[in-house]
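Below is one structure; the comments refer to it alone.
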Amino acid sequence: MKFLCHMLGTEQMLNQYRMFAAGSTVNNLNKELVGNTTVSLPSIEEQRVIGDYLENIDHLITLHQRKLFE
């Protein structure tokens, strides 16, 4: 799940969202738009490892941001 959350925000996915939304007045993200995207997925174990790694980086960034504002 963590992997999916990060993957849905990648530049590759955002480009697909923009492409599918082209021509509409308001570019909203909806299930049809997401459902039309093409996704290449690594194995479940690789997804877990990548998701854990990205989550650790998020925590590290948050920690550093807190230190900046103390």
Taking Cα atoms only, helix 44-68 is inclined relative to the longest principal axis of the chain by an angle, in degrees rounded to 10, of 60 degrees
In whole percent, the fraction of accessible protein surface over the chain that belongs to carbon or sulfur atoms, probe radius 1.4 Å, stands at 59 percent
With all protein chains in place and a 1.4 Å probe, His64 shows an accessible area in Å² (nearest 10) of 100 Å²
For Glu46, the accessible surface traced by a 1.4 Å probe with all protein chains present amounts, in square angstrom to the nearest 10, to 100 Å²
Heavy-atom accessible area with a 1.4 angstrom probe orders Lys31, Lys67, Lys2, most exposed first, as Lys31, Lys67, Lys2
With all protein chains in place and a 1.4 Å probe, Thr38 shows an accessible area in Å² (nearest 10) of 90 Å²
Nearest 10, in degrees from 0 to 90: the angle of helix 11-21 to the longest Cα principal axis of the chain is 30 degrees
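The values are calculated or read from the model by the stated rules, or taken from the named source; none is laboratory data. Small disclaimer: the values here were computed from a predicted structure and weren't measured. Side chains included, ligands, DNA and RNA excluded: accessible areas come from the protein's heavy atoms. Shrake-Rupley method; radii C 1.70, N 1.55, O 1.52, S 1.80 Å.
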